[in-house]
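The values are calculated or read from the model by the stated rules, or taken from the named source; none is laboratory data. The structure presented is a predicted model; accordingly, all values stated were derived computationally and were not measured. Glycine also receives a Cβ, built like all others from the backbone with ideal geometry; neighbour counts cover every protein chain displayed.
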Amino acid sequence: MTKRIDLLAVCALAAVLPLAACGGFGDTGAERGAGAVLANMIDGSDGKDWPAYGRTYGERHYSPLNVINAETVGKLGLVSWLDLAPAPVATQPIAVDGVIYMSTGLSIVRAVDPLTGNVLWTYNPNVAEVGGTKLLQGWGNRGIAYWNGKVYTGTMDGRLIAIDAKTG
């Protein structure tokens, strides 16, 4: 019985020590200079960006913005639009620093100005050429992510690509 208790104590200690090195549960990263985007993705503090699926790492799907309410919803209208080629898409766009990033068919990533609908840049990973034509019948990728000035995408042919968010 003593050996079992000792083993449990060692296992518990081995599980707790790495957590103690993490720096605390309330640390958002912003205090360490990791930037406002990291803080927003962790706690969703300002609501201006939507940098991940669900807006935050916790996938809260909630916006604290209050400009649209029962009184203003009737005034909503189309600001801009973008015509995309038909292709399978299984993802949602993300928005960081006033730019919308989206992944479309064949893992093509675009940055779009939401006020004008103008495409700022397009990144085409050429999946058909790299992965072969059999992939043309598959779904597009399952989403993109933003981190530290880069947009990350997993392509249909199995590559992980980091794209400069400013220049593509």
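Just a few scattered comments:
- Hits in the range 61-89 (condition: of a type in the set (A, V, I, L, M, F, W, C) and surrounded by 12 or more Cβ atoms within 10 Å (Cβ to Cβ)): 82, 84, 87, 89
- Failed item in (1) modelled with pLDDT under 80; (2) in the same structural domain as residue 143 (by TED's automatic domain parsing); (3) under 18 Å from residue 148 (Cβ atoms); (4) not small (Gly, Ala, Ser), with residue 42 passing the rest: (2)
- Of the candidates 99, 130, the single residue that is at pLDDT 95 or above, of a type in the set (Val, Ile, Thr) and surrounded by 13 or more Cβ atoms within 10 Å (Cβ to Cβ) is 99.
- Among residues of the range 58-74 that are closer than 15 Å to residue 48 by Cα, those with a Cβ under 8 angstrom from a residue that is assigned to a loop (DSSP other than H, G, I, E, B) and of a type in the set (D, E, K, R), sequence gap 6+ or separate chain, pair up as 61/55; 62/55; 63/55; 64/46; 65/48.
- Residue in the range 66-81 that is modelled with pLDDT under 85, among the aliphatic types (A, V, I, L, M) and either in contact with a Gly (Cβ under 8 Å, 6 or more places away or on another chain) or in a helix (DSSP H, G or I) (or both) present: no
Here is a yes/no grid of residues against (1) assigned by TED's automatic domain parsing to the domain that holds residue 49; (2) more than 13 Å from the chain's Cα centre (by Cα):
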{"position": "63", "(1), (2)": "yes, yes"}
{"position": "70", "(1), (2)": "yes, yes"}
{"position": "88", "(1), (2)": "no, yes"}
{"position": "96", "(1), (2)": "no, no"}
{"position": "104", "(1), (2)": "no, yes"}
{"position": "108", "(1), (2)": "no, yes"}
{"position": "144", "(1), (2)": "no, no"}
{"position": "147", "(1), (2)": "no, no"}
{"position": "158", "(1), (2)": "no, yes"}
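- The set of residues from the range 84-125 being touching a strand residue (DSSP E or B) at 6+ places or on another chain (Cβ under 8 Å) and of a type in the set (D, E, K, R) comprises 110, 113.
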